[in-house]
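The values are calculated or read from the model by the stated rules, or taken from the named source; none is laboratory data. Note that the structure is a prediction, hence the values are computed from the model and not measured. Every residue, glycine among them, receives a Cβ derived from its backbone with ideal geometry; neighbour counts consider all protein chains shown. Accessible surface areas use protein heavy atoms only, side chains included; no ligands, DNA or RNA. Shrake-Rupley method; radii C 1.70, N 1.55, O 1.52, S 1.80 Å.
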Amino acid sequence: MEFDKQRFFQALLEAPAEQPLLETPERSEYLQTQVFDRLEAGETFSLMALDWNAFELRHVTPVNYDRLYDRAHQGWLLGINAFLRKAPAASLSEKSFF
């Protein structure tokens, strides 16, 4: 199958908008009263007693946690580029995408 430049550009135009990987962190009143206030008071509690449906991932995500994903992404790119620089060049006898 040969690369179709027009179809590629059309697919780029039709691609959905980029969505954030993580939701914006929010404070959970449930977690504040059931967990954090108790910990500050030195109390103990059972994790089995928590209503796990009362909060979502955004309620336990640290602020600026999405920066770790950006750094990991950049690290992967740097690693792949370093690997490709060390790879020997090869001549191709067939058509390829790149």
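If each residue of separation counts as 0.36 nm, what is the full-extension length gain between Asn64 and Asp4 once their alpha-carbon separation is subtracted?
Gain in length upon complete extension: 17.6 nm.
Looking only at Arg58, Arg67, Arg85, which one moves most when the chain is put into a Gaussian network model with springs between Cα atoms under 10 Å?
Ranking Arg58, Arg67, Arg85 by mean-square fluctuation puts Arg85 first.
In Å, what Rg and Dmax follow from the Cα atoms of region 1-57?
When restricted to the Cα atoms of region 1-57, Rg and Dmax are 23.1, 67 Å.
Compute the length gained on full extension between Leu57 and Ala82: take 0.36 nm times their separation in residues and subtract their Cα-Cα distance, giving the result in nm to one decimal.
Extending this stretch completely gives an extra 5.5 nm.
For the chain, which whole-number percentage of the solvent-accessible area (1.4 Å probe, protein heavy atoms only) is attributable to carbon and sulfur atoms?
Reported share for carbon and sulfur atoms: 57 percent.
Taking the chain as the reference, fit the longest principal axis to its C-alpha atoms, fit the long axis of helix 5-14 to the helix C-alpha atoms, and give the angle between the two in degrees, 0 to 90, nearest 10.
The helix 5-14 is inclined about 20 degrees to the chain.
Based on the Cα atoms of region 35-81, what semi-axes does the equivalent ellipsoid have, where each is the square root of 5 times one gyration tensor eigenvalue, given in whole Å with the largest first?
Rounded to whole Å, the semi-axes are 36, 12, 9.
Compute the normalised compactness of the chain: alpha-carbon radius of gyration over 2.2 N^0.38 Å, N being the residue count.
1.91
Treat every Asp and Glu Cβ in the chain as -1 and every Lys and Arg Cβ as +1, leave all other atoms uncharged, and give the resulting dipole magnitude about the Cα centre to the nearest 20 debye.
Once rounded to the nearest 20, the dipole reads 740 debye.
Divide by every residue of the chain the summed helix terms, -39500 (n - 2.57) for each DSSP H run of at least 4, and state the resulting mean residue ellipticity at 222 nm, rounded to the nearest 500 deg cm²/dmol.
Calculated from helices alone, the mean residue ellipticity at 222 nm is -11500 deg cm²/dmol.
In Å², and per residue, what accessible area does the chain have when probed at 1.4 Å with the other protein chains present?
Result: 97 Å² per residue.
Could you point to the residue in Gln34, Leu12, Leu50 farthest towards the positive end of the chain's charge dipole, with +1 and -1 charges on the Cβ of Lys/Arg and Asp/Glu respectively?
Projecting each Cα onto the dipole axis, the largest value belongs to Leu12.
If one takes the longest principal axis of the Cα atoms in the chain, at what angle in degrees, from 0 to 90 and to the nearest 10, does the Cα axis of helix 66-86 lie?
30 degrees
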